[in-house]
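Shown next, in structure tokens, is the structure this report addresses.
The values are calculated or read from the model by the stated rules, or taken from the named source; none is laboratory data. Note that the coordinates shown come from a computational prediction; the quantities given were computed from them, not determined experimentally. Because the Cβ atoms are built from the backbone with ideal geometry, glycine has one as well, and the counts that use them run over all protein chains shown.
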Amino acid sequence: MMHDILQPLTVQPGVKQAAVISADGVPVCVLERSSMANGQFVDCTNSSQASLEGQRIDPASLVALAASWVDDVMRAGGQIAWELPKRFVLAASQGTLLVQQGPNAHVMVVIEPDCDTGAFSLPLEAAVERLHRLLRDLGRFDPDQNAAALPRPVPGTGPMAAPSIDAYAAGSSPASVMFTDQAPAGGSPASGSYRPQPGTTAHDSSQGNH
């Protein structure tokens, strides 16, 4: 079932790895393009370290990084933002990590560094919609519990517009945040800098470090 959620992502050009991860950092399903399988994607969710010798990415480490990063940004940003980000982009010299937040779980891809991250917006949203439907059918999605887990705004700043999970099905384009270790054109290296992506609100445009 999880393979069906990720399969459309694996056919996108430049994808190294695609995964469904739990909100607390447990790999649910991890597919990675293998150099030992003629470039085909293999399931390395439960692979041992010995079997990963031909793989380029350690799934457990990357999943833990993605989950903790999303949690930290949500906790910090939830105190000051009117609209919580749903897409997270971490750009590095060897690749780019994209995480789309979902209902009690996230969809994650690692792509080549020269790939256009914007091209993955709709595929990631569609994958989260498929995940939403699957969890709902399995009875593992509780809207009330999910809403209760959202961070609350600082007192006196007014009500925060809590995002609806059903917004994915409506084809919304949620805000996103981006971190990069690459130097912008004609500028100094932006290591650890925060750059708002299209769709972010003015409240999400403050500088920060990771």
Just one of L97, L90 is at pLDDT 85 or above, in contact with a Phe, Trp or Tyr (Cβ under 7 Å, 6 or more places away or on another chain) and crowded, with 18+ Cβ neighbours inside 10 Å; which is it? L90
Being surrounded by fewer than 17 Cβ atoms within 10 Å (Cβ to Cβ), closer than 21 Å to S121 by Cβ and touching a helix residue (DSSP H, G or I) at 6+ places or on another chain (Cβ under 8 Å) is the filter here; which residues of the range 1-24 pass it? D4, P8, Q12
Does P27 meet the test of being of a type outside the set (D, E, K, R), modelled with pLDDT of 85 or more and loosely packed, with under 13 Cβ neighbours inside 10 Å? no
Listing of strands (runs of 3 or more DSSP E) fully contained in the range 82-122 that carry 3 or more residues being touching a residue at least 60 places away in the same chain (Cβ under 8 Å) and under 18 Å from D58 (Cβ atoms): 105-111
Would you check which residues across the range 21-37 are out of contact with any Pro (no Cβ under 6 Å at 6 or more places or on another chain) and more than 12 Å from V110 (Cα to Cα) and list them? S22, A23, D24, G25, V26, V28, C29, S34, S35, M36, A37
Those residues of the range 8-41 that are assigned to a loop (DSSP other than H, G, I, E, B) and of a type in the set (A, V, I, L, M) come to a total of 5
